[in-house]
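Asks: I have a structure here, written as structure tokens, and I will follow up with some questions on it.
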Amino acid sequence: MDRFPKDEFLRDFKIKTFVQQAQFEQWLKSLFYLNNELTKNWDFIYQEMFYIKLYEVLTEGLVFAVKVLQSLEKGYNENKREWYNSLIDGLNEIKHELSKEEKDYIEYRRHGVCHIFQNGYEHIQENLKIKRIRKDEDLHNINARLKQIITNHGSDKNVDIFLNSKLQPKLINLYIRLTKIYDKKI
């Protein structure tokens, strides 16, 4: 009787693993698609979605990719290991290219798309308590960096255009590398 739940949980875990891998691949496809569309023309809606996809890929997605790569170390699928290695290297390269201000801005814009109100960045909270820290950092410093990057570029759209010009070539190159590796297995 003990055996049945273990088998069921193992089956559920395997299914979850395959589903999450498919979800991750779809997330990457969306990111690359949005990046491609934004190379043609700036678009407010695509830009908002781009920030969501990019932020999540550089945070939760990168952690997931490392976990998958570690699980592949004992396997025989060399192309898949090469693909994940290339993906991780490319994402880390992009992440390291971004300044603290740019990372803050991408996260802020992601929050602006996902949440109606930006209370997490406000000092005075709904309950009238004063918030000083956000993610282990002084909220005043975060807000100063956000203000600075917008001031330096003149508008949110101009920051978008600047970040796109910085990130688009890197994402295109990453896409090309990953596609070449993927095509080898066919």
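The values are calculated or read from the model by the stated rules, or taken from the named source; none is laboratory data. Worth saying up front: this structure is predicted, and the values here are computed from it rather than measured. In this analysis, Cβ positions are derived from the backbone assuming ideal geometry, glycine residues included, and neighbour counts consider all displayed protein chains. SASA here: full protein model, heavy atoms, side chains in, ligands and nucleic acids out. Shrake-Rupley method; radii C 1.70, N 1.55, O 1.52, S 1.80 Å.
Asks: Within the stretch 74-98, which residues are farther than 16 Å from Lys180 by Cβ and in contact with a Lys or Arg (Cβ under 6 Å, 6 or more places away or on another chain)?
Replies: Listed by number, the list holds a single entry, Ile94.
Asks: Follow-up question, since we're still on this one. Quick one: Lys40 ticks every box in (1) at pLDDT 95 or above; (2) surrounded by 10 or more Cβ atoms within 10 Å (Cβ to Cβ) except a single one, so which number is it?
Replies: Every listed condition holds for Lys40 apart from (2).
Asks: Kindly list the number of the only condition in (1) among the aromatic types (Phe, Trp, Tyr); (2) farther than 14 Å from Gln21 by Cβ; (3) surrounded by fewer than 20 Cβ atoms within 10 Å (Cβ to Cβ) that fails for Phe64.
Replies: (2)
Asks: Can you tell me which residue in the stretch 143-163 is nearest to Leu34 (Cα to Cα), limited to those that are open to solvent by less than 40 Å² (accessible area, probe 1.4 Å) and of a type in the set (A, V, I, L, M, F, W, C)?
Replies: Here the residue is Leu163.
Asks: Tell me yes or no: at least one residue of the stretch 46-55 is under 15 Å from Tyr182 (Cβ atoms), open to solvent by 30 Å² or more (accessible area, probe 1.4 Å) and either out of contact with any Gly (no Cβ under 8 Å at 6 or more places or on another chain) or at pLDDT below 95 (or both). Outline the logic, then answer.
Replies: Going through the stretch 46-55, the residues under 15 Å from Tyr182 (Cβ atoms) turn out to be none.
Looking through the stretch 46-55, none of the residues is under 15 Å from Tyr182 (Cβ atoms), open to solvent by 30 Å² or more (accessible area, probe 1.4 Å) and either out of contact with any Gly (no Cβ under 8 Å at 6 or more places or on another chain) or at pLDDT below 95 (or both).
Asks: Now for a different question. Among the residues of the stretch 87-146, which ones are assigned to a helix (DSSP H, G or I), more than 27 Å from Leu31 (Cβ to Cβ) and at pLDDT below 65?
Replies: Our first condition is that a residue be assigned to a helix (DSSP H, G or I); within the stretch 87-146, this holds for 87-97, 100-114, 119-121, 139-146.
Filter again for more than 27 Å from Leu31 (Cβ to Cβ), leaving 119, 139-141, 143-144.
Within the stretch 87-146, Asn119 is the sole residue that qualifies.
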